[in-house]
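Chemist: Sharing a structure with you now.
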Amino acid sequence: MLKKVLILFAVLLILSPFLLVFFGREYEHKLSFFNDILERVHPGFKPDTNSTIKIVQEPVIVNESQYSNLFEPGKEHILSMPAGFKVNVFRTNLGEAGFMAFDAQGQLYVSLVDRRQIVRLIDADDDGIAEDIKVFKDLLTAPRGIEFRDGWLYVSDSDRLLRIRDADGDGLAEEEEILDDTLPQGGNRSGALRFDPDGNLLISVSATCEACLESDDRRASILRYNDAGESSIIARGVRKIGDFHYLPDGSLWATESERMGIDINDEINSITADSDYGWPYCFNDKTLYDSLPAPEDNYCANTVSPLVYLPGGSAPRGMAYIQDSRFPDYLQNKLLVVLYGSEDAALASRGFKVILIDPQNPGEKPVDCLYGWNLGGQKWGRPNYIITNNEGELFISDEYSGTVYRVIYEE
């Protein structure tokens, strides 16, 4: 009898993906009987039952002008999100959509690493859909971080830091200044940019490996450039910074992807000048990594512990701080953080989503707010970076599908 039960259970495990296809995606959230099985086969399917926010499943809204090979007529893509929110495709077919920035006129710019471009997405009729796209700067190397200041767009471009601008108003950046062309090449993708309150430019430089000794001490660091263009290292031991964000209290928060390993967490750190965050010798809360001895005794005791611990492999990237009355109360003065995720299907439920963090209570468990791009390897998108505008809208870039999503709240 036991053998028959085990065989039946094994058959259910094997057939559960096909049962979903048979019933249709619109019935996924109704198949509660299979939820426990599906969580084994498709990690990340089950909603976060511990969330205090009401989560519902909604289709991504796709206007016919944005149809593509992925977003086809009659083909639904379901995301779980807080009740009252709506997500629509702002623009797709972009390539590897990365960092985003708004200019003084509220127009959205996106860096496209694979196309070596920075583009402007144009929503001339203000209907929440970018009906046009214009190349602002072409033939770059590998543009990543972008940030506007005083009419210039600052760009981290592989081993270069530069700034560009449209001086004659024709929509193209014909003026260019190289600020530094000696940055380390290769390694992990990074290059997040942010200006500090004093007008200095910060840029992240990633490590080349999981855990190793780097020959260039600018690796796994944050550099600060002053008005004269001189750079200095202000933070060390940060393996791969995804994004920076200054909070209203002046503190600088940064997402960091740590090395992969058993019980090694990804992190959100509070960045202070002349601090060491541990990599490659220490991880989590000042724990020494045995396979790479530290250069001195009690080295880890002098490193900075994370503010927020995230699951290893979640790969935190973009952040947005919410301080806008057009969003619900539970989002006010909170951080939304994109978890880019891992290619390992077993870790899918740790990433491919947007989470909510309370900066006043960083030790509290983050809340899953927007998810469903990857159900245990059934991937159709991959959120990357997030940004807010002055109109009460969120925008999320998707590297995998080449899409920018617009997220709005309707009471």
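The values are calculated or read from the model by the stated rules, or taken from the named source; none is laboratory data. Because the structure is a prediction, the values reported are computed rather than measured. Neighbour counts run over all protein chains shown; Cβ positions are idealised from the backbone, glycine included.
Chemist: Filter region 213-248 down to the residues that are over 22 Å from the mean Cα position of the chain (by Cα) and β-branched (Val, Ile, Thr), then identify the one that is nearest to residue 284 (Cα to Cα).
Modeler: Taking region 213-248 and keeping what is over 22 Å from the mean Cα position of the chain (by Cα), we get 213-218, 224-234.
Applying the additional criterion that residues be β-branched (Val, Ile, Thr) yields 233-234.
Numbers: 233: 22, 234: 21 Å.
Per the criteria, the residue is 234.
Chemist: Restricting attention to region 276-311, and to residues there that are hydroxyl-bearing (Ser, Thr, Tyr), surrounded by 15 or more Cβ atoms within 10 Å (Cβ to Cβ) and assigned to a loop (DSSP other than H, G, I, E, B), which single residue is modelled with the lowest pLDDT?
Modeler: Looking at the filtered set, the residue picked out is 289.
Chemist: Let me ask another. Being farther than 16 Å from residue 169 by Cβ, under 25 Å from the mean Cα position of the chain (by Cα) and of a type in the set (A, V, I, L, M, F, W, C) is the filter here, so list the residues in region 117-134 that pass it.
Modeler: Of everything in region 117-134, those that are farther than 16 Å from residue 169 by Cβ, under 25 Å from the mean Cα position of the chain (by Cα) and of a type in the set (A, V, I, L, M, F, W, C) turn out to be 118, 119, 121, 129, 130, 133.
Chemist: Going by what's in this entry, would residue 232 be described as of a type in the set (Gly, Ala, Ser), surrounded by fewer than 19 Cβ atoms within 10 Å (Cβ to Cβ) and either touching a His at 6+ places or on another chain (Cβ under 9 Å) or assigned to a strand (DSSP E or B) (or both)? It would help to see each step written out before you state the result.
Modeler: Values: of a type in the set (Gly, Ala, Ser): yes; surrounded by fewer than 19 Cβ atoms within 10 Å (Cβ to Cβ): yes; either touching a His at 6+ places or on another chain (Cβ under 9 Å) or assigned to a strand (DSSP E or B) (or both): yes.
In short, yes.
Chemist: Determine which member of the set 317, 259 is basic (Lys, Arg), modelled with pLDDT under 95 and within 19 Å of the chain's Cα centre (by Cα).
Modeler: Exactly one residue qualifies, and that residue is 259.
Chemist: State the number of residues belonging to region 374-411 that are more than 13 Å from the chain's Cα centre (by Cα), within 18 Å of residue 72 (Cα to Cα) and hydrophobic (A, V, I, L, M, F, W, C).
Modeler: Result for region 374-411: 1.
Chemist: Related question: Filter region 158-175 for residues that are part of a strand (DSSP E or B) and modelled with pLDDT of 95 or more; which is farthest from residue 385 (Cα to Cα)? Please lay out each step first, then the result.
Modeler: Residues of region 158-175 that are part of a strand (DSSP E or B), as a first pass: 160-165, 175.
If we keep only those that are modelled with pLDDT of 95 or more too, we end up with 161-165, 175.
Details: 161: 20, 162: 21, 163: 21, 164: 22, 165: 23, 175: 27 Å.
If we take residues in region 158-175 being part of a strand (DSSP E or B) and modelled with pLDDT of 95 or more, then 175 is farthest from residue 385 (Cα to Cα).
Chemist: Answer yes or no as to whether residue 401 is in a strand (DSSP E or B), closer than 22 Å to residue 191 by Cα and among the polar types (S, T, N, Q).
Modeler: Values: in a strand (DSSP E or B): no; closer than 22 Å to residue 191 by Cα: yes; among the polar types (S, T, N, Q): yes.
So residue 401 does not fit the description; no.
Chemist: In this structure, is residue 356 among the hydrophobic types (A, V, I, L, M, F, W, C), in a strand (DSSP E or B), in the same structural domain as residue 246 (by TED's automatic domain parsing) and farther than 20 Å from residue 258 by Cβ?
Modeler: Numbers: among the hydrophobic types (A, V, I, L, M, F, W, C): yes; in a strand (DSSP E or B): yes; in the same structural domain as residue 246 (by TED's automatic domain parsing): yes; farther than 20 Å from residue 258 by Cβ: yes.
In short, yes.
Chemist: Out of curiosity, is residue 357 β-branched (Val, Ile, Thr), more than 22 Å from residue 77 (Cα to Cα) and touching a Lys or Arg at 6+ places or on another chain (Cβ under 7 Å)?
Modeler: On the way: β-branched (Val, Ile, Thr): yes; more than 22 Å from residue 77 (Cα to Cα): yes; touching a Lys or Arg at 6+ places or on another chain (Cβ under 7 Å): yes.
Spelling it out, residue 357 is indeed β-branched (Val, Ile, Thr), more than 22 Å from residue 77 (Cα to Cα) and touching a Lys or Arg at 6+ places or on another chain (Cβ under 7 Å).
Chemist: If I filter region 90-110 for residues that are touching a residue at least 12 places away in the same chain (Cβ under 8 Å), among the basic types (Lys, Arg), within 25 Å of residue 351 (Cβ to Cβ) and touching a Leu at 6+ places or on another chain (Cβ under 6 Å), do I get at least one hit? If you could, list the steps in order and put the result at the bottom.
Modeler: Residues of region 90-110 touching a residue at least 12 places away in the same chain (Cβ under 8 Å): 90-104, 106-110.
Within this subset, residues satisfying the condition of being among the basic types (Lys, Arg) are 91.
This time we only want the ones that are within 25 Å of residue 351 (Cβ to Cβ), so: 91.
The next check asks that each one be touching a Leu at 6+ places or on another chain (Cβ under 6 Å); those that pass are 91.
Within region 90-110 (the criterion being touching a residue at least 12 places away in the same chain (Cβ under 8 Å), among the basic types (Lys, Arg), within 25 Å of residue 351 (Cβ to Cβ) and touching a Leu at 6+ places or on another chain (Cβ under 6 Å)), the answer is yes, since at least one residue qualifies.
Chemist: Then there's this: Pull out all pairs, ordered by first then second residue, where Cβ-Cβ is under 6 Å, the residues are six or more apart or on different chains, the first lies in region 359-378 and is within 16 Å of residue 60 (Cα to Cα), and the second is surrounded by fewer than 15 Cβ atoms within 10 Å (Cβ to Cβ).
Modeler: That search, which allows pairs on different chains as well, returns nothing.
Chemist: To continue, here is another question. Go through region 217-229 residue by residue and tally those that are surrounded by 14 or more Cβ atoms within 10 Å (Cβ to Cβ) and over 19 Å from residue 313 (Cα atoms).
Modeler: Narrowing region 217-229 to residues surrounded by 14 or more Cβ atoms within 10 Å (Cβ to Cβ): 218-225.
Within this subset, residues satisfying the condition of being over 19 Å from residue 313 (Cα atoms) are 218-219, 221-225.
Matching residues across region 217-229 total 7.
Chemist: Right, something else. Those residues that are among the acidic types (Asp, Glu), touching a residue at least 40 places away in the same chain (Cβ under 8 Å) and part of a strand (DSSP E or B), I need them from region 131-157; list them, please. Even if it seems obvious, please write down each step before you answer.
Modeler: Our first condition is that a residue be among the acidic types (Asp, Glu); within region 131-157, this holds for 131-132, 138, 147, 150, 157.
From the residues that got through so far, the ones that are touching a residue at least 40 places away in the same chain (Cβ under 8 Å) too are 131, 147.
Within region 131-157, just 147 meets the criteria.
Chemist: Select, from 90, 99, 71, the only residue that is in the same structural domain as residue 391 (by TED's automatic domain parsing) and in a loop (DSSP other than H, G, I, E, B). Break it down stepwise before answering.
Modeler: Working: 90 fails: in a loop (DSSP other than H, G, I, E, B); 99 fails: in a loop (DSSP other than H, G, I, E, B).
Going through 90, 99, 71 in turn, the sole match is 71.
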